[in-house]
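The structure appears right after this line, and notes come after that.
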Amino acid sequence: MHDHAHDVSGVRGQANHRLLAISLSLTAVVMLVQIVGAVMTGSLALLADAAHMFADASALVIALIASVVAARPANERNTYGYQRAEVFGALINAVLLIVLCVWIAVEAVQRLLHPSDVEVAGGLMIVVATVGLIANAISMWLLSAAQRTSINVRGAYLEVLGDLIGSAVVVVAAIVIAVTGWMPADALASLLIAVMIVPRAITLLREVFAVLGERVPEGTDVATIREHILAADGVADVHDIHVWQLTRGAPVFTAHVVVAPDVLTGGSSVRLLSQLQSCLADHFDVEHSTFQFEPAGHREPEAH
């Protein structure tokens with residue numbers, strides 16, 4: 001819970017939706033270049049990478065829309081605001097990645113089982129793949145700071161990372177083809193791209209399910225929080241502790257706190273509340289915390 005984003009100035013310090021828009025522009029341009037390159041070279045790896053870029057462009061559009069929606073203020077019907085839009089955007093991103101990996105794998109296996117007579121132009125393939133490699137490196141650099149605090153930007157970041165690795169693999173395959181003339185390197189590169197992307201997509205999917213399932217955020221120790229609360233003056237006990245997160249980096253905390261009689265009658269409840277909220281914010285990065293003070297012997301009404 002102490003994964004703070006560093007203060008970043010310049011282009012990387014812009015709002016998330018602007019960073020996503022820049023990455024989207026780069027991805028769209030490289031996608032067009034790779035489609036043309038795949039047609040001119042006959043490379044399945046370039047075509048697979050172009051399809052990956054197309055899926056990423058679609059995912060970045062979803063992520064961009066989600067980041068804009070998430071910035072809308074809370075209202076009476078959406079009291080927590082729209083931050084969960086980022087989670088749904090990340091969910092769509094993960095599903096797109098998995099579907100794409102299956103398609104790439106099927107196409108690569110078919111090429112290996114039924115070799116094509118089409119010759120792959122290794123030299124031009126190197127040039128096109130290198131362009132993609134440079135563009136993806138720039139996109140990763142742009143998103144590297146913002147992805148620490150936004151699950152939505154992290155989804156886009158992981159996809160760009162997959163693109164970067166994919167472009168590097170295509171460059172290697174192109175060099176092999178240009179030097180040795182071994183054409184199966186193209187199909188093998190396509191298959192390797194799919195294999196490398198799947199774990200990252202699954203990791204993102206697990207994080208999305210953790211948020212939607214309202215699990216305790218990773219790195220948050222409920223027992224340690226309980227100890228901090230019990231150490232405050234005037235606190236006798238604490239129960240019904242709940243910790244979840246609206247999206248990555250936005251944890252929410254609630255608890256029922258049994259307090260000494262003088263806290264409620266002596267006017268020190270305001271001081272204790274401020275102390276507990278400051279403790280959660282300073283030690284556990286929980287900015288939104290709610291405490292219900294109860295006298296000893298208080299019983300919750302039975303559910304009807």
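Here, each number is a calculation from the coordinates, and none is a lab measurement. Just so you know, these numbers come straight off a predicted model, no measurement behind them. Heads up, the Cβs are rebuilt from the backbone with ideal geometry, glycines too, and the neighbour counts pull from every protein chain shown.
Details
- Close amide-amide hydrogen proximity is noted between Val252 and Trp244, Gln245, Leu246, each under 5 Å apart and 5 or more residues distant or on a separate chain (H modeled in the peptide plane; Pro and chain starts excluded).
- Principal axis extents of the C-alpha atoms in segment 235-295 (largest first, rounded to whole Å): 39, 20, 14.
- The Cβ shell under 14 Å around Ala178 holds other residues with a net charge of -2, Lys and Arg each +1, Asp and Glu each -1.
- Mean separation of Cα pairs under 8 Å and 6 or more residues apart, divided by the residue count, gives the chain a relative contact order of 19 percent.
- The calculated 222 nm mean residue ellipticity attributable to helices in the chain amounts to -22000 deg cm²/dmol, summing -39500 (n - 2.57) over DSSP H runs of n ≥ 4 and dividing by all residues.
- Take 127-139, 191-203, 35-47, 76-88 and order them by the average number of nearby Cβ atoms within 10 Å per residue, most first; the result is 35-47, 127-139, 191-203, 76-88.
- Of the DSSP H helices in the chain, those whose Cα atoms cover at least 27 Å axially and whose Kyte score averages 1.0 or more: 16-41, 44-70, 84-113, 122-143, 151-180, 184-212
- Averaging Cα coordinates gives a centre for segment 235-260 and one for segment 146-180; these two points are 40 Å apart.
- Converting the Cα gyration tensor eigenvalues of the chain into ellipsoid dimensions via √(5λ) gives semi-axes, longest first, of 52, 18, 15 Å.
- For Asp237, the residues whose modelled amide H falls within less than 5 Å of its own, excluding neighbours fewer than 5 places apart on the same chain, are Val258.
- Mean separation of Cα contacts under 8 Å, 6 or more apart, over the residue count of segment 109-242: relative contact order %: 24 percent
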